[in-house]
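Below: one structure in structure tokens.
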Amino acid sequence: MVDPQGDSWGSRDSGPLISKWEQLTLSPDLLRSLNKFGVGPPNKIQQRALPFLLRGADIIAQAPPTQERIAAYVIPAIQIAINGIANQPVNRGPIVIMISTTVDQATQAQRMIRDLGGPIGVKSALGVGTTNTDLTQELRLLHQNVPHIICGTPQKLHALFTSSGGLPGSEVRFLVLDEVDQLIARNLHEFVFNIVKLLPSPRSRPLSSSAPGGNIVPGSGAFGSNFDPGATPFQNNNSRRFSAVAPSPDPSGQNTPQSVERQTALFSNTVPQDVLNLATAIQLREPVRVLVRRDGNVTQAEASQGGSRGLRQYYLYLAFTAGSRADPAAANSGGGLGIIGSGRGSTNAESVQAREWKLDALADLFDDVDVQQAIVHVGGMTALDSVVYKLASRGLEAVPLHGDMSTATKLAALNKYRINTTAMMRQPVTKVLVVYDVQLKEISHIPLVINYDLPKAVEEYAHRVSPAISPNNYTRAGVIINFVTATGGDVEMLRSIECFYKIKCPEVPLSLRDLI
């Protein structure tokens, strides 16, 4: 499913990639605008996403959060707005909605639309800021000069569309969600669901049989059958899916015109199961999946090792939250959506249960690998005690090591971890050093290092992973697995680590045994 070159989901035989804007079905005015503002030739994410977006396909795109990623949805949005203006000169409501998790991303998108689309008649607006103020004045101005494209944050756009006298959603032909993993991690998806209910139904007509730039049709043999989150390698058997968000009737009482159908594009830095669940909930139709990785996977610590091979670094996304393993029937009885996000507001009992599930995930991981030694980093004494007890209950030899130990006690723990005590045993036992608040400087070539709790500072990450770096006489470096939950800022910390060390941590593969 993942291209062997790590460039895109799908087939390597998907046809020639576009190398210049003229190869796309863009209006002459937009082409001139791109040339006037000196926009460079299409990059990876634009080459892969634009042909499908311009022919009306829904997409799920995973790519680094760059200016180029923003352009990958701004350019088709302007084209869709141009088409809408031509078909309906009187603007009765926004044609495109762009929802970004952060004010910065929304502002960048609106600024690009203003620069590229403004001179050719595409009007845009920015919806960010507090929702506590009276929206009457803002809505009055928006109704006086209705934008073709509106960009903003989930809370503010939710207020602008759902308030009394709010903007109509019946004319929206294109919905963009950017930074979807962040949107979920911050519990903002409910705002999106309420907005989607006001929009036209998703695309129902089949797409044309050919794609601009020679790309293949989504759903064809090279991409596999129609997109089914239940059949993807991202499936987490313990996570429930969202219920589909059915569009509500137009609040004005008029039926949405049959000619208006919604196209949807999801852009995200990572694509865990929660993102796929959200895509199902808002009814993406046969979405094309695009993956563009950062180049390189080498940390500062690895670079200092000269000829050593790069660490293999992954994340394990724990989609469960407090209450997510409850009876599905009970959840559906109230008409609610499946569990996703951080589960804020859960009870203490639910939080305790969620911690147990995380411990179970760690123990299950060791069932899937065959290593003699491993290191697990935790973020506190409570977690250290819990992890040691859990691993010991599964038959592993867990050795605790923490900063409050005396020098002699630390040395004894390290010696116990190093010495091979399993030689006389019939079945070798995996030794796991469970570490809190200690830098390991004298341990090397550990095949598996797990960040059960991510570090609080990006600089600490290099110290944690250094024992897995291979000396020159070894041919294979160790594996790093970073546990990422929806709570506590884990998603943000992982992204900070990736940016700081210029690495990309893909999602952990289904089978770890072949890696270690």
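The values are calculated or read from the model by the stated rules, or taken from the named source; none is laboratory data. Just so it is clear, the model here is predicted, and its values are computed rather than measured. A quick note on method: Cβ atoms are made from the backbone with ideal geometry, for glycine too, and the neighbour counts reach across all protein chains shown.
Surrounded by fewer than 23 Cβ atoms within 10 Å (Cβ to Cβ), under 28 Å from residue 494 (Cβ atoms) and touching an Asp or Glu at 6+ places or on another chain (Cβ under 9 Å): does that describe residue 108? Lay out the reasoning, then the answer.
Details: surrounded by fewer than 23 Cβ atoms within 10 Å (Cβ to Cβ): yes; under 28 Å from residue 494 (Cβ atoms): yes; touching an Asp or Glu at 6+ places or on another chain (Cβ under 9 Å): no.
For residue 108, the condition - surrounded by fewer than 23 Cβ atoms within 10 Å (Cβ to Cβ), under 28 Å from residue 494 (Cβ atoms) and touching an Asp or Glu at 6+ places or on another chain (Cβ under 9 Å) - is not met.
Return a yes/no flag: does region 151-171 have any residue that is closer than 23 Å to residue 90 by Cβ, in the same structural domain as residue 200 (by TED's automatic domain parsing), in contact with a Phe, Trp or Tyr (Cβ under 8 Å, 6 or more places away or on another chain) and small (Gly, Ala, Ser).
Within region 151-171, one or more residues are closer than 23 Å to residue 90 by Cβ, in the same structural domain as residue 200 (by TED's automatic domain parsing), in contact with a Phe, Trp or Tyr (Cβ under 8 Å, 6 or more places away or on another chain) and small (Gly, Ala, Ser).
Can you run down the residue pairs with Cβ atoms below 9 Å, 6 or more apart or on separate chains, where the first is in region 360-373 and within 13 Å of residue 449 (Cα to Cα) and of a type in the set (A, V, I, L, M) and the partner is assigned to a loop (DSSP other than H, G, I, E, B) and modelled with pLDDT under 90?
365/508; 365/512; 369/512; 369/513; 369/515; 369/516; 371/516
Could you check how many residues of region 363-409 are in a strand (DSSP E or B) and of a type outside the set (A, V, I, L, M)? Outline the logic, then answer.
Kept after step one, since they are in a strand (DSSP E or B), are these residues of region 363-409: 373-377, 397-402.
Remaining after also requiring of a type outside the set (A, V, I, L, M): 373, 377, 397, 400, 402.
Going through region 363-409 one residue at a time, the tally reaches 5.
Scan region 94-140 for residues that are at pLDDT 90 or above and touching a Pro at 6+ places or on another chain (Cβ under 8 Å) and jot them down.
94, 99, 123, 124, 125
If you don't mind, another one. Return the pairs, sorted by first residue and then second, in which the second residue is part of a loop (DSSP other than H, G, I, E, B) and not small (Gly, Ala, Ser), the first residue lies in region 430-448 and is on the phi > 0 side of the Ramachandran plot, the beta carbons are less than 7 Å apart, and the residues are 6+ apart or on different chains.
As it stands, the answer is 445/471; 445/474, since those pairs meet every condition given.
Turning to a different aspect of this structure: For residue 76, indicate whether it is modelled with pLDDT of 95 or more and in a helix (DSSP H, G or I).
yes
Being assigned to a loop (DSSP other than H, G, I, E, B), surrounded by 20 or more Cβ atoms within 10 Å (Cβ to Cβ) and more than 14 Å from the chain's Cα centre (by Cα) is the filter here, so list the residues in region 485-507 that pass it.
Scanning region 485-507 gives a single hit, 503.
Now for a different question. Which of the residues that make up region 18-46 are touching a residue at least 60 places away in the same chain (Cβ under 8 Å), over 13 Å from residue 120 (Cα atoms) and surrounded by 17 or more Cβ atoms within 10 Å (Cβ to Cβ)?
Within region 18-46, 18, 23, 24, 39, 44, 45 qualify.
Moving to a separate point now. If residue 68 passes every condition in (1) at pLDDT 90 or above; (2) in a helix (DSSP H, G or I) but one, which one does it miss?
Residue 68 satisfies every listed condition except (1).
Take region 361-396 and flag every residue that is farther than 21 Å from residue 438 by Cα and of a type in the set (Phe, Trp, Tyr).
366
For residue 83, indicate whether it is polar (S, T, N, Q), closer than 23 Å to residue 110 by Cβ and assigned to a loop (DSSP other than H, G, I, E, B). Steps first, answer last, please.
Details: polar (S, T, N, Q): yes; closer than 23 Å to residue 110 by Cβ: yes; assigned to a loop (DSSP other than H, G, I, E, B): no.
Against the criterion (polar (S, T, N, Q), closer than 23 Å to residue 110 by Cβ and assigned to a loop (DSSP other than H, G, I, E, B)), residue 83 does not qualify.
Shifting gears a bit: When region 156-186 is examined, which residues are found to be surrounded by fewer than 18 Cβ atoms within 10 Å (Cβ to Cβ), among the polar types (S, T, N, Q) and touching a residue at least 24 places away in the same chain (Cβ under 8 Å)?
162, 163
Picking from 104, 115, 134, which residue would you name as being over 25 Å from residue 273 (Cβ atoms), in contact (Cβ under 8 Å) with a residue 60 or more places away in the chain and not aliphatic (A, V, I, L, M)? Lay out the reasoning, then the answer.
Numbers: 104 fails: in contact (Cβ under 8 Å) with a residue 60 or more places away in the chain; 134 fails: in contact (Cβ under 8 Å) with a residue 60 or more places away in the chain.
One residue alone meets the criteria, 115.
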